[in-house]
1. Check region A:53-69 and report whether any residue there is under 30 Å from residue A:153 (Cβ atoms), more than 7 Å from chain B (Cβ to nearest Cβ) and surrounded by fewer than 18 Cβ atoms within 10 Å (Cβ to Cβ).
2. Report the residue count in region B:33-66 for those that are part of a helix (DSSP H, G or I) and at pLDDT 95 or above.
3. Those residues that are touching a helix residue (DSSP H, G or I) at 6+ places or on another chain (Cβ under 9 Å), modelled with pLDDT under 90 and at the interface with chain A (Cβ under 7 Å from one of its Cβ atoms), I need them from region B:1-32; list them, please.
4. For residues in region B:375-395 being surrounded by 14 or more Cβ atoms within 10 Å (Cβ to Cβ) and without any contact (Cβ under 8 Å) to a residue 24 or more places away in the chain, which is nearest to the other protein chains (Cβ to nearest Cβ)?
5. Return the residues of region B:114-129 that are modelled with pLDDT of 95 or more and either more than 10 Å from chain A (Cβ to nearest Cβ) or more than 30 Å from residue A:385 (Cβ to Cβ) (or both); say none if nothing qualifies.
6. Residue check, residue B:290 against (1) in contact with a helix residue (DSSP H, G or I) (Cβ under 8 Å, 6 or more places away or on another chain); (2) more than 21 Å from residue B:143 (Cβ to Cβ), all met but one. Which one?
7. Just the residues that are surrounded by fewer than 17 Cβ atoms within 10 Å (Cβ to Cβ) and either at positive phi or at the interface with another protein chain (Cβ under 9 Å from one of its Cβ atoms) (or both), please, taken from region A:407-430.
8. Every residue in region B:96-113 that is outside any helix (DSSP H, G or I) and facing chain A (nearest Cβ under 9 Å), please.
């Protein structure tokens, strides 16, 4: 087996679905955003780690939501060693493998951040890609709820550093142990290990999309969606479903009130009580730091889709509406999430190893930021363009560009075809602030001419015949060759 | 078919061969290195682009060296759309697909840079990984040899910006067209399109490993290596092989002398003459910029392994020896390369589109830099550690850390288990400069204690009983709680 042997000599240029190219201003904005997040992770004491894209498939585990076959959701293949390897679908599974592999070498608690692509072999859709970037911070080796509280602090601080205030972002926290308590109360034997628990988890996780009655249907007899597709239900009784819905709807306007409501629905199971005590500990830290109920709320409808969480889970949402590609308002939804996964490392080692962390969905957050902060999305300043009129003087043109770069400026020699007009058109498209012009006259006289393109662009917006006007209006000066750098700098300074 | 359905409940933590994790100081050093290279690419007028990891397999083409089956070398799989997709093996094939797809939307010449992982499904070896990072800069839409000369300028500037001078790096340039001329002279009908041409290319590319007699064997009857494996030859006659070897060995101590020697061996084929004229144009620019024969040389033994090059090719080598993991001196070899590939975009469009660029091998360069500039590899300054003695005061400890972070410092609250000794040991391993200590006495008195760990570490190196000495010697002061930030800053300032 292998890919087809024959390549068409002239294939169409196309891309697999659910993948995309990013360029220019968006990438520069993303780099700034990632640097800001990294700064926050650094401040909280995390250190960088990078794991490869591939892991053995059995290292990755089967924790993806809504996947029924074990290989579904993962891009997997047999490598040249005849081993099944798969692309990571998150950064948590590789971290767990790393921690288990390092063993005693690792100083605990181990705090690391990692940014990188993850891949999911699923059906793509609008805003749903098969390759996307996550930026995670995790703390391994701490069972303390203080580490879970820090997840909230880190996310909150990252959002603030990005200019997203309490009006723009809401952080919700829940605890899987409380759900376990509720499940025990309705007769599930082993909490999350009951085979029906995963179906319950997925049903609750669909709340945002299907509403409370939709969740009830998924918990009981099943649900038919708008397209007519039928999703089978968990087969719970009405009273069982009601208990779960009461849990999901226990959210109140304050963390304290939500805790009271949860005490009423959780029942007597020890694991549920433990979950409430952990939320109380988290609340004590948040309240002690003056973090209000509007900044971090307790929300029992948050469960997170991944199967591996064992304790507190959290999710950050952009609460402002943004516009989609067609100009219609839409919800951004969750841009970060995470939680405690005390069982992942012990899959490898057999020894307990508490772990908790957060993951920021970089692409979604970038999409939101580029709409909420459009001014930060301006195109970069283009390079000074050294135009070319005399091909025997290529070294002289290169020397001009080299001098400008030496002075710390962006500069390029025009390498395409065409005369002055074509070269100035190129300069405009490249957002070049200045064009350097030198032909036979200038070389003979030891001069160069400079065309101020920023001035031309600014004025061109105000009048009618843009091109014609631009051509004559643009300030052009002729200066001694030796003053090239100083005069270009003077023009740039006048516009900054 | 799919990956195995059964996962062992307790797998060993291990990694597929040829992959690795990177952490801490090395990653921070790499980030600096990439920022430096990006700064140079930016200065030359390039803009960022990012393409996804996957392309359709037929978009990637079959240009990898030493691969006989079409899928060899590429990690390929059928995705959920039942399409063959593959992980990119370089950044040039995806760029070509992008340019073809953009068509008229693209302003030409188009100058872009891209950094990212590439994957090769080959046998890994020492220093030979199946995932590695390349950082490319390419110019699309310029047929001018000036664009090829700029490849040299960009690589040279990037190396200088990284602190690698003419004593450390050597750049070699050749032209595939000259080889085409030589091949035409020995009776190859269509230059590189002759089926034997690729075998010749691979033989020349092995020169560094097998020497000149090894290349002769590979060009003629074949060669048996040390392990006894036999590599079949190209079946050329002795006189044909001699012509190719004469070409390979035409390198002289100056670019001008090499050009003269090449004129003697290239013969009358138009394409070979064209290749020499291009090298002459490149030499004129380099010489005009004062770039000496020691910085950029013409080296006819450089052909580059990838099959898609059509004109000038170049390669940068670290000429200083470094030590391998066992302390033995070894050559770093090529850390960057590139060339002209005028046929790649037209594979998609059927229209000619000239293109040329350079690619820096980030991992090899990083390995070299970390040996050549060990001082730049110091560990980052660790966070201030807020130790924990009273678990009912977690919010108060978190407030201390929050204040320190607010002041721009790295700080973390200890989240693990253990008393003062364990916490200070953790602080040492984390390279923490200061430990903040507060127990019942301090909380009652409204004070905190600070332990200066840098001083302790510095002195500890000088005496014998490190641990015992450290315990008593470390400066510890008790200060009003309100002065926490100011006093921590004072300690850090005293050490900086």
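1. yes
2. 11
3. Selection gives B:3, B:4, B:7, B:8, B:10, B:11, B:12.
4. Checking each candidate, the answer is B:395.
5. B:115, B:117, B:118, B:119
6. The one condition residue B:290 does not meet is (1).
7. If we filter region A:407-430 for residues that are surrounded by fewer than 17 Cβ atoms within 10 Å (Cβ to Cβ), which is where we start, we get A:407-408, A:417-422, A:425, A:429.
A:408, A:417, A:418, A:425, A:429 - these are the residues of region A:407-430 that are surrounded by fewer than 17 Cβ atoms within 10 Å (Cβ to Cβ) and either at positive phi or at the interface with another protein chain (Cβ under 9 Å from one of its Cβ atoms) (or both).
8. From region B:96-113, those outside any helix (DSSP H, G or I) are B:106-113; that's our starting set.
Residues satisfying the conditions are B:107, B:108, B:109, B:111, B:112.
The values are calculated or read from the model by the stated rules, or taken from the named source; none is laboratory data. The shown structure was predicted, so the numbers you read here are calculated from the model rather than taken from an experiment. Neighbour counts run over all protein chains shown; Cβ positions are idealised from the backbone, glycine included.
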